[in-house]
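Report on one structure; see the data block that follows.
The values are calculated or read from the model by the stated rules, or taken from the named source; none is laboratory data. Worth saying up front: this structure is predicted, and the values here are computed from it rather than measured. No Cβ is skipped: glycine too gets one built from the backbone with ideal geometry, and neighbour counts run over all protein chains shown.
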Amino acid sequence: MDRVALESHRVVLDPPLSTDVDDITRYCQDPLFERFLTVPWPYSRADAEYFVNDHIPTGWTTGDELTWAIRAERGGPLLGVIGLRVPTSDVGFWMGAEHRGRGHMSEALRLVADWTLGTGFAGIREIGWECIVGNAASASVARRCGFRFTGEGPSRIAHRDGSHPASWRGALRDTDDRAPKPGWPA
């Protein structure tokens, strides 16, 4: 599958590049990543190189996982990453610490959701989201983008140690409006 770039007045979503490896490596040293994400820990430059040079291209080629770099402008520095796992129709994302709280992640999630649901990509009519219980920032992004909270349960995606920690879950249908929904734990 050809890579798709998405853009709004606030963010540009395009392929992560080899020039982003140092930023990815630095951002993934964040202790919050150890606690809440499934990325390898400790995270090394080799992990970032594999992510950019192997994992992401393979995901686009097979159409199984579409991963975008989040940038504030074309050719700008990497702020974070967002991805759509196609077989499970769910999204995952992270933002570099110094770029949080500016609304870039919410805008990126809106773009991915609107493109996926608006085009009927891969027949997806509902996008899922989950995060480890306590990740209030991730929950806040999903809530702001109109996802409804669907409950708590073991994570569908295995954590780096193979466990399935308690996770909050949400979903957004193609027929849902994008207004925040009540009932969120955070």
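Some points to look at:
- Selection from the range 138-152 of residues that are on the phi < 0 side of the Ramachandran plot and surrounded by 13 or more Cβ atoms within 10 Å (Cβ to Cβ): 138, 139, 140, 141, 142, 143, 144, 145, 147, 148, 149, 150
- Pairs, first in contact (Cβ under 8 Å) with a residue 12 or more places away in the chain and within 12 Å of residue 1 (Cα to Cα) in the range 49-63, second acidic (Asp, Glu) and assigned to a loop (DSSP other than H, G, I, E, B), C-beta under 9 Å, six or more apart: 60/2
- Number of the condition not met by residue 106 [criteria: (1) under 22 Å from residue 23 (Cα atoms); (2) hydroxyl-bearing (Ser, Thr, Tyr); (3) touching a residue at least 40 places away in the same chain (Cβ under 8 Å)]: (3)
- Given (1) surrounded by fewer than 18 Cβ atoms within 10 Å (Cβ to Cβ); (2) at pLDDT 95 or above; (3) not in a helix (DSSP H, G or I), index of the condition residue 22 fails: (3)
- For the range 44-68, a residue qualifies if it is in contact with a Gly (Cβ under 8 Å, 6 or more places away or on another chain) and either among the hydrophobic types (A, V, I, L, M, F, W, C) or under 15 Å from residue 20 (Cβ atoms) (or both), and the qualifying residues are 66, 67, 68.
- Against the list (1) within 25 Å of residue 162 (Cα to Cα); (2) surrounded by fewer than 17 Cβ atoms within 10 Å (Cβ to Cβ), the condition residue 91 fails is (2).
- Criterion violated by residue 87 - all others in (1) within 23 Å of residue 31 (Cβ to Cβ); (2) not in a helix (DSSP H, G or I) satisfied: (1)
- Taking the range 26-38 as the range and being crowded, with 18+ Cβ neighbours inside 10 Å and either of a type in the set (Ser, Thr, Tyr) or over 16 Å from residue 70 (Cβ atoms) (or both) as the test, the residues that pass are 27, 36.
- Output for the range 106-136, where each listed residue is in contact with a Ser or Thr (Cβ under 9 Å, 6 or more places away or on another chain) and part of a loop (DSSP other than H, G, I, E, B): 124, 125, 133, 135
- Residue match in the range 40-54 (condition: closer than 27 Å to residue 146 by Cα and in a helix (DSSP H, G or I)): no
- Residue, surrounded by the most Cβ atoms within 10 Å (Cβ to Cβ), within the range 1-19, restricted to residues that are within 23 Å of residue 101 (Cβ to Cβ) and either of a type in the set (Val, Ile, Thr) or at pLDDT below 95 (or both): 11
- Count - residues of the range 149-168 that are within 21 Å of residue 123 (Cβ to Cβ) and not in a loop (DSSP other than H, G, I, E, B): 1
- Residue 32 vs. criteria touching a residue at least 12 places away in the same chain (Cβ under 8 Å) and part of a strand (DSSP E or B): no
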